[in-house]
Structure formats: C-alpha cells, structure tokens
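The values are calculated or read from the model by the stated rules, or taken from the named source; none is laboratory data. Keep in mind that what you see is a predicted model, and the values were worked out from it rather than measured. Please note: Cβ atoms are built from the backbone with ideal geometry, for glycine as well, and neighbour counts cover all protein chains shown.
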Amino acid sequence: MKRSLPLALAILAIVAACDANNSTGPFTGTLKGSLSSSLGGALANIRVVVYPPTGDSTILRTTSTGSFELDNVPLGTGIVQIESLPPDCDTQPAYNFYLESPQTTASVIVTVKCTSSHQVVAGLGDLDGGAINEVRRNRTSRGNNGRRVGLTRVSPVTLGDERRL
C-alpha cells in the first residue's frame with residue numbers, strides 16, 4: 001500500500017503536466033477595428049471582410065460609431081478588407097492583423113481620406129455603404145408653405161367581384 005501511493009501521485013502529476021502542455025482550450029482571440037474619415041467623423045455601414053488565418057471569411061458592417069468587432073478569431077495572421085466605401089473616399093489596401101495568444105485582442109484602426117464629410121445620424125447608412133445625413137420625410141413640402149402634398153381627389157376603384165370571396 002505504501003508503494004502504490006507514490007506511484008499514483010506520480011501518475012497524477014504526469015497527467016496534469018501533459019494536460020497543461022496540450023490544452024484543448026480555445027485558441028482564438030478578438031478582432032476590433034474602427035473606420036473614420038480624414039475630415040472627421042465615423043464611417044458607418046461600411047462592409048468589412050475578415051479573412052482569418054484559418055477557416056471561412058466573415059462579412060461585417062461598421063456600426064454608427066464606425067467600429068466593428070469579431071470574436072473567436074483563430075490565432076495567427078489574418079487580413080481585413082474594407083469595401084463599399086463612399087465614392088468620394090479613397091479605396092483601401094488590405095490590412096493585416098495578428099493574434100499572438102488565446103484571449104488576446106488585435107486592433108485595426110483606419111482613417112480613410114475622403115473629400116466630403118460623412119455625418120452619421122442614428123446609425124443609418126446609404127445604399128452604397130457610406131454614412132448619410134438625416135433626412136426627415138414628413139409628407140410636407142417646404143416649397144408649398146408646409147401644406148401636405150399628395151393625391152387628395154382620387155376616387156376609389158370598384159372591381160365588381162369583391163363580394164364573391
């Protein structure tokens with residue numbers, strides 16, 4: 001019995017050491033980034049494609065603050081490609097990022113040269129991916145002294161077969 005206790009402790013120590021060296025924990029980190037205009041202000045709703053060191057690419061959109069984030073990115077060197085910038089902004093090359101160890105964060109911060117300002121309101125973006133100014137559509141026309149504009153004298157159309165359902 002006295003001989004088996006040291007042997008059992010030795011086996012437990014070897015198993016613990018092997019487990020510590022060959023951990024099956026998550027070998028991933030986080031990628032964070034931001035896009036802003038050279039004239040100031042965030043670039044919202046811009047398409048960002050992340051190509052991790054291994055696995056499939058992921059397509060993200062920047063938030064109203066111009067930021068983006070992707071969790072569980074495999075460790076190593078990956079690429080960030082910025083797409084759908086407004087036409088007045090310079091196209092961007094691919095940016096490399098590197099995640100060295102598990103649970104770390106890599107950052108990609110880009111200032112894009114643009115020729116006009118891109119103000120963000122309420123996180124909205126236009127169809128080509130650039131930030132837009134707020135436009136309120138309240139059914140009134142300024143050139144019409146604030147009166148409602150619309151079809152006020154349209155008569156209803158009777159089809160005749162409405163009652164045969």
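Tabulated data for the structure shown
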quantity	calculated
Unique residue being of a type in the set (A, V, I, L, M) and within 12 Å of the chain's Cα centre (by Cα) when the list is Leu99, Leu75, Leu60, Leu85	Leu60
One residue from Ser84, Ser116, Ser107 being in contact with a strand residue (DSSP E or B) (Cβ under 7 Å, 6 or more places away or on another chain), modelled with pLDDT under 95 and small (Gly, Ala, Ser)	Ser84
Count of residues meeting criterion [surrounded by 13 or more Cβ atoms within 10 Å (Cβ to Cβ) and part of a loop (DSSP other than H, G, I, E, B)] in segment 56-96	11
Residues of segment 97-119 satisfying the condition of being assigned to a strand (DSSP E or B) and either aromatic (Phe, Trp, Tyr) or over 14 Å from Arg47 (Cβ atoms) (or both)	Phe97, Tyr98, Leu99, Thr105, Ala106, Ser107, Val108, Ile109, Thr111, Cys114
Pair list, Cβ under 8 Å, 6 or more apart: segment 20-48 residue among the charged types (D, E, K, R) and surrounded by fewer than 22 Cβ atoms within 10 Å (Cβ to Cβ), other residue in a loop (DSSP other than H, G, I, E, B) and modelled with pLDDT under 95	Arg47/Ser84; Arg47/Gly129
